[in-house]
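Engineer: Mind looking over this structure? Questions follow.
The values are calculated or read from the model by the stated rules, or taken from the named source; none is laboratory data. None of the values given here were measured: they were computed from a predicted structure. Positions of Cβ are backbone-derived with ideal geometry, glycine not excepted, and every protein chain shown enters the neighbour counts.
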Amino acid sequence: MKKVLISEKIDDDAVQLLQKNGFDVEISPAVDEATLTEHIKGAFGLIMRSSKLPEGVVDSADQLRIISRTGTGIDNVNIDDATKNHVLVARVNGANAYSVAEYVITTMLAMSRRIYKSDRLFKAGQIVSTHGESLPGLAVKYDLNGHEIRGKRLGILGLGRIGKIIAKLGDALGMDIIGYDPYVKASDVKLTTDLNDIYNSCDFISVNMPLTKETKNLIAAKELGQMKDSAFIVNAGRGGIINETDLADALNNGVVAGAALDVFTEEPPRSDSPLLTAKNILLTAHIGGTTYEASKAVAIGAAQAVIDYSTGKKPQFTVNYKDLKN
Ligand SMILES: NC(=O)C1=CN([C@@H]2O[C@H](COP(=O)(O)OP(=O)(O)OC[C@H]3O[C@@H](n4cnc5c(N)ncnc54)[C@H](O)[C@@H]3O)[C@@H](O)[C@H]2O)C=CC1
Ligand SMILES: O=C(O)C(=O)COP(=O)(O)O
C-alpha cells in the first residue's frame, strides 16, 4: 500500500478519494522539519498547502515521488531540490481563483467604505455621532465618508487566472481596469507594459502575480511614493512582492490611503512586524482561497495528481515534469 503524507489539514473528501484508491493516508502532526523528516519516511506522495517546506525534508525522504500542492503558488517548495531528488512537483491551478478574486473585491470595498474603521470605533465604544457635531469621545459620521469604487481605476499586476476574474468583476462594478503582465500579449483587458502607468494613475492596485526573483521587492518606497495618496493596495499574491517596512512607513505617513494584505514574508507575521500597527491596514491570515468551494476543489485536485502519477499518468498541472530524468 502506497503512503501519502498530508502536512496540513485539507478537505476530507480528498482524504477519502486517496483511501478509495488504495493509499495509506497519514496526517502529519506538524509542519516543522523534524516532524516532517520523521513522517515522510516511506511516503510516495506529500500533499501540502502554503506552509514552507523545510530544507532537508526532500533529501531525507526515501520513497518520495511527488509533492502535490493544493493550490497555485509553489514558492514554498524548492523546485531545484525536488528535481534533483527526482520528485515531481504538481499544483492545482485555477480552482481557488474565483475565491481570491472575490476576496480582492471585498477588501477594496471594505477599505473604500471604511468598514473596518467603523467596526473598530463601534466596538471601542466610540459610537459614531449621527448628527455630525463633534462630541467628546464620539466619532463623527462625516469622518467615515468613503468613496464609491464605481468609476475608479483599478490596476491589476498579474493577469493570470485570478487577475482576469478580478478584471471581470471590477468591470461589472463600473471600474476602469488596466492590467500589467509582461507574459500576456493579448487580452480583453486594457494592458500597459509600463508599471509607472499603474503606479501614477490607479485608485486601487491589486497584486496577483507569483513571488519570483523578478517580483520580489517589486513595490518599495520609490514605487509607493509614485502612487496617489488616495490609493488603496491589495496584496493577495505573495508576501515579499511589496516591501513590508516601506509599506508600513507609507501608510503611517499618508503616502497611500490604505492596504489590505492576505500574504506576508513570514506567516503569521512576527509580533514586532510594523504591519501589525500600521495605519489603515486590513490584515487577513492567507484566507484568499479559503472557501469551502475552493478548499474542496484544490484538495481533490492535489489528491488526483498523486493518484494519476502513481498510475503512470501525467498530472494535470505540473511544475518540473519535463526536467525529471527518470
Ligand atoms: N491569497 C491566496 O490564498 C492565494 C494566492 N495566490 C497567489 O496568486 C498568484 C496568482 O495566481 P493565479 O492567477 O491563479 O496564477 P496564474 O499562474 O494563473 O497567473 C499568474 C500570472 O502572473 C503573471 N506574472 C508572472 N510574473 C509576472 C511579473 N513579473 N509581472 C506581472 N505579471 C507576472 C503570469 O504571466 C500569469 O499571467 C499565485 O502565484 C499565488 O502566489 C493564489 C491562490 C490563492
Ligand atoms: O493557491 C495558492 O497559491 C495559495 O496561496 C493558497 O494557499 P493555501 O493552500 O490556502 O494555504
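Engineer: Which residue pairs have Cβ atoms under 8 Å apart, sit 6 or more places apart or on different chains, and have a first residue in the range 193-212 that is without any contact (Cβ under 8 Å) to a residue 12 or more places away in the chain and buried (at least 16 other Cβ atoms within 10 Å of the Cβ) and a second that is part of a helix (DSSP H, G or I) and among the aromatic types (Phe, Trp, Tyr)?
Structural biologist: As it stands, the answer is none, since no pair meets every condition given.
Engineer: Give all pairs with beta carbons closer than 7 Å in which a residue from the range 265-284 that is part of a helix (DSSP H, G or I) meets a residue that is surrounded by fewer than 17 Cβ atoms within 10 Å (Cβ to Cβ); count only pairs at least 6 apart in sequence or on separate chains.
Structural biologist: Filtered contacts from the range 265-284: Pro274/Thr245; Leu275/Leu283.
Engineer: Condition first: surrounded by fewer than 21 Cβ atoms within 10 Å (Cβ to Cβ) and within 24 Å of the chain's Cα centre (by Cα). Now tell me which residues in the range 39-60 satisfy that.
Structural biologist: Across the range 39-60, the qualifying residues are Ser50, Ser51, Lys52, Pro54, Glu55.
Engineer: Which of the residues belonging to the range 174-192 are away from ligand 1 (no atom under 13 Å from the Cβ) and crowded, with 16+ Cβ neighbours inside 10 Å?
Structural biologist: The first filter runs over the range 174-192 and keeps only residues away from ligand 1 (no atom under 13 Å from the Cβ), leaving 174-177, 188, 190.
Answer for the range 174-192, where residues must be away from ligand 1 (no atom under 13 Å from the Cβ) and crowded, with 16+ Cβ neighbours inside 10 Å: Met175, Asp176, Ile177.
Engineer: Could I ask something else about it? Which residues, counting only those in the range 56-71, are more than 16 Å from ligand 1 (Cβ to nearest atom), within 28 Å of Ala294 (Cα to Cα) and assigned to a loop (DSSP other than H, G, I, E, B)?
Structural biologist: Leu64, Arg65
Engineer: Scan the range 46-57 for residues that are more than 16 Å from ligand 2 (Cβ to nearest atom) and in contact (Cβ under 8 Å) with a residue 24 or more places away in the chain and jot them down.
Structural biologist: Listed by number, the residues that qualify are Glu55, Val57.
Engineer: Return yes when Gly45 is at positive phi, away from ligand 1 (no atom under 16 Å from the Cβ) and assigned by TED's automatic domain parsing to the domain that holds Asn320 and no when it is not. Don't jump to the end; show me each part of the working.
Structural biologist: Values: at positive phi: no; away from ligand 1 (no atom under 16 Å from the Cβ): yes; assigned by TED's automatic domain parsing to the domain that holds Asn320: yes.
Here the answer is no, as Gly45 does not meet what is asked.
Engineer: Only one residue in Val306, Val298 is surrounded by 14 or more Cβ atoms within 10 Å (Cβ to Cβ) and within 16 Å of the chain's Cα centre (by Cα). Which one?
Structural biologist: Working: Val306 fails: within 16 Å of the chain's Cα centre (by Cα).
Exactly one residue qualifies, and that residue is Val298.
Engineer: Any residue in the range 129-155 that's more than 17 Å from Ser206 (Cα to Cα): show its pairings with residues that are among the small types (Gly, Ala, Ser) and modelled with pLDDT under 70 at Cβ separation under 8 Å, as long as the two are six or more apart or on different chains.
Structural biologist: If the second residue must be among the small types (Gly, Ala, Ser) and modelled with pLDDT under 70, the pairs left are Val140/Gly132; Val140/Ser134; Lys141/Gly132; Tyr142/Gly132.
Engineer: Of the residues Thr291, Thr212, which is within 16 Å of the chain's Cα centre (by Cα), β-branched (Val, Ile, Thr) and farther than 28 Å from Lys117 by Cα?
Structural biologist: Working: Thr291 fails: farther than 28 Å from Lys117 by Cα.
The match here is Thr212.
Engineer: Out of the residues in the range 105-127 that are of a type in the set (Lys, Arg) and without any contact (Cβ under 8 Å) to a residue 24 or more places away in the chain, which is surrounded by the fewest Cβ atoms within 10 Å (Cβ to Cβ)? Full working, then the answer.
Structural biologist: Residues of the range 105-127 of a type in the set (Lys, Arg): 113-114, 117, 120, 123.
Going one step further and asking which of them are without any contact (Cβ under 8 Å) to a residue 24 or more places away in the chain, we end up with 120, 123.
Values: Arg120: 12, Lys123: 8.
Taking the candidates together, the pick is Lys123.
Engineer: Still on this structure, I have one more. Among (1) more than 11 Å from ligand 2 (Cβ to nearest atom); (2) modelled with pLDDT of 95 or more; (3) farther than 27 Å from Lys313 by Cα; (4) in a helix (DSSP H, G or I), there is one condition Ser118 misses while meeting the rest; what is its number?
Structural biologist: (2)
Engineer: Go through (1) loosely packed, with under 15 Cβ neighbours inside 10 Å; (2) in contact with a Gly (Cβ under 7 Å, 6 or more places away or on another chain); (3) under 30 Å from Gly258 (Cβ atoms) one by one and return the number of the condition Gln63 breaks.
Structural biologist: Evaluating Gln63 over (1) loosely packed, with under 15 Cβ neighbours inside 10 Å; (2) in contact with a Gly (Cβ under 7 Å, 6 or more places away or on another chain); (3) under 30 Å from Gly258 (Cβ atoms) leaves (3) as the failure.
Engineer: In a loop (DSSP other than H, G, I, E, B) and within 13 Å of ligand 2 (Cβ to nearest atom): does that describe Val100? Full working, then the answer.
Structural biologist: Working: in a loop (DSSP other than H, G, I, E, B): no; within 13 Å of ligand 2 (Cβ to nearest atom): yes.
Here the answer is no, as Val100 does not meet what is asked.
Engineer: Here is a follow-up. Tally the residues that are closer than 20 Å to Ile307 by Cα and surrounded by 14 or more Cβ atoms within 10 Å (Cβ to Cβ), restricting the search to the range 20-38.
Structural biologist: Keep residues of the range 20-38 that are closer than 20 Å to Ile307 by Cα, which gives 20-28.
The next check asks that each one be surrounded by 14 or more Cβ atoms within 10 Å (Cβ to Cβ); those that pass are 21, 23-28.
Count: 7.
Engineer: Determine if the range 86-94 includes at least one residue that is closer than 26 Å to Leu53 by Cα, away from ligand 2 (no atom under 16 Å from the Cβ) and assigned to a loop (DSSP other than H, G, I, E, B). Don't jump to the end; show me each part of the working.
Structural biologist: Taking the range 86-94 first, the residues closer than 26 Å to Leu53 by Cα are 86-94.
When the remaining residues are screened for being away from ligand 2 (no atom under 16 Å from the Cβ), the result is 86-88.
When the remaining residues are screened for being assigned to a loop (DSSP other than H, G, I, E, B), the result is 86-87.
Within the range 86-94, one or more residues are closer than 26 Å to Leu53 by Cα, away from ligand 2 (no atom under 16 Å from the Cβ) and assigned to a loop (DSSP other than H, G, I, E, B).
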